[in-house]
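*Asks:* Here it is: the structure, laid out below.
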Amino acid sequence: MGDETSGESWLSSTAFKFLVFLCVFLILKKLWPDFRRRYFAAFMDFFSRGSNAKVEEMKKDVFSTLSSCTSHDPELRKKKALKILEIGVGTGVNFAYYPDGTRLVVVDPNPHFKSYYNENRKKFPNIHSEEIIVTTGEEMDMVQSNSVDVVVSTLVFCSVENQKKILQQILRVLAPGGKFYFYEHISEFDIERHGTRRRIQEFLTATGIWPFIFDNCMLNKDMLADIQQAGFSKVQAQRFYSPIDHFVFQLVKPSLKGVAEK
């Protein structure tokens, strides 16, 4: 009788622990995506505050020809201004590279970037920036077709679900002759010299470790072929190594920059 009572007690205790574990797991599963996005937004804000003169010079070079673009809108053209759409605007780290008078439309799927973005936009009254449209680049149907002069993406394609779909959206929203400026980190392209980096990129992506920490960022993507085949009239692109000094972020040194014209 004692053994029977003891067995029932053990089963009851085990069942209770299992139910507690299950409840905690389900709660964390529900809350984790939001927590991860909050953490990532805070991390990117903290990381972007550290100035890197070499990276800033490199980005100035990426956007150096913006000033030579001409708007499709007659009113903006008179003011020598542009309408720019930035995909994955994040905290707004690209404000400093946009010409005076820019009309800026922005989309980002992470709603927790809003406060950091709003703080940054106050520093650039010369840019007419709109509120963040919370959506992905693949689903930005609310942005009118043929309505923007320039589309910008920086460090965004690493985490998109469908590269081909987002490129079709970019082509749709660009006015004829409009340009797509991109700067993205990619998989290691010089296997002979940096094969170890490529293997680490593949491991951290395949195991889900890097995407888990950095909000679905993939280290093993390279979007050049998709950009070249998307239907742009002209594509100028270059693979290169970003001037990043931080030890951990050597994994994102391999990069791609360029301009594609509709």
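*Asks:* Which residues, taken from the stretch 224-252, are assigned to a loop (DSSP other than H, G, I, E, B), among the aromatic types (Phe, Trp, Tyr) and surrounded by fewer than 13 Cβ atoms within 10 Å (Cβ to Cβ)? Walk me through how you get there before you give the answer.
*Replies:* Within the stretch 224-252, the subset assigned to a loop (DSSP other than H, G, I, E, B) is 230-233, 242-247.
Then keep just the ones that are among the aromatic types (Phe, Trp, Tyr); that gives 232, 247.
Correct list: Phe247 only.
*Asks:* Can you find a residue in the stretch 199-216 that is assigned to a strand (DSSP E or B) and open to solvent by less than 70 Å² (accessible area, probe 1.4 Å)? Reasoning before the result, please.
*Replies:* The initial filter retains those residues of the stretch 199-216 that are assigned to a strand (DSSP E or B), namely none.
No, there is no match, as no residue in the stretch 199-216 is assigned to a strand (DSSP E or B) and open to solvent by less than 70 Å² (accessible area, probe 1.4 Å).
*Asks:* Could you give me the residue pairs with C-beta distances under 9 Å whose first residue belongs to the stretch 49-70 and is in a helix (DSSP H, G or I), whose second residue is of a type in the set (D, E, K, R) and exposed (fewer than 14 other Cβ atoms within 10 Å of the Cβ) wherever it lies, and which are 6+ apart or on separate chains?
*Replies:* Lys54/Asp245; Ser67/Lys80
*Asks:* If you scan the stretch 164-192, which residues turn out to be under 24 Å from Lys83 (Cβ atoms) and part of a helix (DSSP H, G or I)? Show your work before the answer.
*Replies:* Step one: of the stretch 164-192, the residues under 24 Å from Lys83 (Cβ atoms) are 165-184.
Result: Lys165, Ile166, Leu167, Gln168, Gln169, Ile170, Leu171, Arg172, Val173.
*Asks:* While we're on this one: State all residues of the stretch 93-129 that are of a type in the set (Asp, Glu) and closer than 23 Å to Lys165 by Cβ; if no residue qualifies, say none. Talk me through it step by step, then tell me what you get.
*Replies:* Filtering the stretch 93-129 for residues of a type in the set (Asp, Glu) gives 100, 108, 119.
Once the filter is applied, which keeps residues that are of a type in the set (Asp, Glu) and closer than 23 Å to Lys165 by Cβ, the stretch 93-129 yields only Asp108.
*Asks:* Moving on. Could you list all residues from the stretch 112-135 that are among the charged types (D, E, K, R) and surrounded by 14 or more Cβ atoms within 10 Å (Cβ to Cβ)?
*Replies:* Here is the first cut: in the stretch 112-135, the ones among the charged types (D, E, K, R) are 114, 119, 121-123, 130-131.
Matches in the stretch 112-135: Lys114, Arg121.
*Asks:* Tally time: how many residues in the stretch 136-162 are open to solvent by less than 80 Å² (accessible area, probe 1.4 Å) and within 12 Å of the chain's Cα centre (by Cα)? Explain how you work it out, then say what you get.
*Replies:* Going through the stretch 136-162, the residues open to solvent by less than 80 Å² (accessible area, probe 1.4 Å) turn out to be 136-138, 140, 143, 145-154, 156-160, 162.
Filter again for within 12 Å of the chain's Cα centre (by Cα), leaving 136-137, 152-154, 156-160.
So the answer is 10.
*Asks:* Okay, moving on. Condition first: at pLDDT 95 or above, more than 26 Å from Met58 (Cα to Cα) and open to solvent by 10 Å² or more (accessible area, probe 1.4 Å). Can you find one or more residues in the stretch 180-197 that meet it?
*Replies:* no
The values are calculated or read from the model by the stated rules, or taken from the named source; none is laboratory data. From a predicted model like this one, the values you see are computed outputs, not experimental measurements. All Cβ positions, glycine included, derive from the backbone under ideal geometry; neighbour counts span all protein chains shown. To get the accessible areas, we keep the full protein, side chains included, count just its heavy atoms, and leave off ligands, DNA and RNA. Shrake-Rupley method; radii C 1.70, N 1.55, O 1.52, S 1.80 Å.
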